[in-house]
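Since the structure comes first, as structure tokens, the remarks are kept for the end.
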Amino acid sequence: MKRTYNFNAGPSALPEEVLQIAQKELLDFNQTGMSVMELSHRSKDFENVHNEAQRLLKQLLAIPDNYEILFLQGGASLQFPMIPMNFLSEDQVGNYVLTGVWSEKALKEAKILGLPTAIAASTKETNYDRIPNLSELAVSPDDGYLHITSNNTIYGTQWKEYPKVKDNLLIADMSSDILSKPLPIENFAMIYAGAQKNLGPSGVTVVILRKDLLEKTLNKQIPTMLRYDTHAKNNSLYNTPPTFSIYMLNKVLQWVSERGGVTGISKENELKASLIYDAIDESNGFYKGHALNNSRSLMNITFNLASEELSKKFLSEAKEAGFVGLNGHRSVGGCRASTYNAVPYEACKALQQFMLKFKQENSTSM
Ligand code: PMP
């Protein structure tokens, strides 16, 4: 069996060790004589998995006791309307920093609900090639929250320093960089992420929520499943949770713990990304990065070649050489290498070598 060089943007590579454990346990989980997928979500065996996943996440990200850790469904996309529904009112404005399509979508949902919104800053003018400077952000004491997308999967940009907001009412969509580095959790009122990049398979969405925010929802008319307090009161077991996704999340969290936690992982991520950024920077313009240098993401590396034709040739030869998922998103074009936690160093090294070789062979066609 040969595992491929998987640079997919999400769902994306999972740690091979985790897949092997899941395979081994598939027919008989913990001597229950059944798969984890066949267990009752109210059973002790599943409860242990669920609680261990919460405990490990709390430990890995140093999440204080005044935060809830929720496992929800509906992807990060369902958080877009739930956030304004639960936390905004006529005199509390949802303030959004636009750094890409995902932040635009988050704002759009608040607008559909007819709730007051504002745009703190936007880098749309330059096709989202950078994160705004903190001094560019227009914030106000009336903000119910400030919403950011910590890593922009499509454009390959990432916040390096987070804004300090009054009462720490900062909310971040961390779908594509959660668990890739240590975080100042206290600066955030809420962090959310679909699992399918750094946390596990799709199907579960992790929400880390400061408990005092639940008070904002008390007198609001919101359907039961869309209320954060419903899930907080029921330890995310109000209805049937995505049990297999939570089981895999738990295994991925164990894997991260064994690799030195987020500090260890972040060092690996820096090394991996620098292999590919070096290939771009040392190419004399053969490869051109989309993101400005000080906004570059360590998770999604976006680049173009001199012409669309050359990009196509690159992608086609890369595919033949065994690299998967390098096509850029249609709004940026070119190429994108997603180097999430589970993408091995060797895969990034192989891509770097491929980029150098391709440049050597094709430099004259520039
Ligand atoms: N936010 C970001 C930053 C994303 O990258 C994605 C998915 N690629 C989403 C939100 C949407 O996530 P989901 O598909 O889980 O709804």
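The values are calculated or read from the model by the stated rules, or taken from the named source; none is laboratory data. Given the structure is predicted, the values throughout are model-derived calculations rather than measurements. Heads up, the Cβs are rebuilt from the backbone with ideal geometry, glycines too, and the neighbour counts pull from every protein chain shown. Just so you know, the surface numbers come from the protein's heavy atoms only, side chains and all, with ligands and any DNA or RNA stripped out. Shrake-Rupley method; radii C 1.70, N 1.55, O 1.52, S 1.80 Å.
Has the stretch 213-229 got any residue that is open to solvent by less than 10 Å² (accessible area, probe 1.4 Å) and either small (Gly, Ala, Ser) or touching a Ser or Thr at 6+ places or on another chain (Cβ under 9 Å) (or both)? So far as the stretch 213-229 goes, yes, one or more of its residues are open to solvent by less than 10 Å² (accessible area, probe 1.4 Å) and either small (Gly, Ala, Ser) or touching a Ser or Thr at 6+ places or on another chain (Cβ under 9 Å) (or both).
So, Tyr192, is that one open to solvent by 20 Å² or more (accessible area, probe 1.4 Å), within 16 Å of the ligand (Cβ to nearest atom) and at pLDDT 95 or above or not? No: the conditions fail for Tyr192.
Filtering Lys24, Lys58, Lys44 for residues that are farther than 17 Å from Tyr247 by Cβ and away from the ligand (no atom under 16 Å from the Cβ) leaves a single hit, Lys58.
Can you find a residue in the stretch 76-90 that is part of a strand (DSSP E or B) and open to solvent by less than 10 Å² (accessible area, probe 1.4 Å)? No, because not a single residue in the stretch 76-90 is part of a strand (DSSP E or B) and open to solvent by less than 10 Å² (accessible area, probe 1.4 Å). Residue selection: Thr205 fails the criterion of being in contact with a Phe, Trp or Tyr (Cβ under 6 Å, 6 or more places away or on another chain), within 16 Å of the ligand (Cβ to nearest atom), in the same structural domain as Gln54 (by TED's automatic domain parsing) and of a type outside the set (Gly, Ala, Ser). The residues on offer are Leu298, Leu218, Leu237, and the sole one that is farther than 16 Å from Leu56 by Cα, assigned by TED's automatic domain parsing to the domain that holds His147 and touching a residue at least 60 places away in the same chain (Cβ under 8 Å) is Leu237. Of the residues Asn284, Asn341, which single one is in a loop (DSSP other than H, G, I, E, B) and crowded, with 24+ Cβ neighbours inside 10 Å? Within the list Asn284, Asn341, the selection yields Asn341.
Restricting attention to the stretch 157-177, does a residue exist that is near the ligand (Cβ under 10 Å from one of its atoms), under 21 Å from the mean Cα position of the chain (by Cα), in a loop (DSSP other than H, G, I, E, B) and surrounded by fewer than 24 Cβ atoms within 10 Å (Cβ to Cβ)? Checked the stretch 157-177: no residue is near the ligand (Cβ under 10 Å from one of its atoms), under 21 Å from the mean Cα position of the chain (by Cα), in a loop (DSSP other than H, G, I, E, B) and surrounded by fewer than 24 Cβ atoms within 10 Å (Cβ to Cβ). Take Asn269 and decide whether it is of a type outside the set (Gly, Ala, Ser), at pLDDT 95 or above and surrounded by fewer than 20 Cβ atoms within 10 Å (Cβ to Cβ). The answer is no for Asn269.
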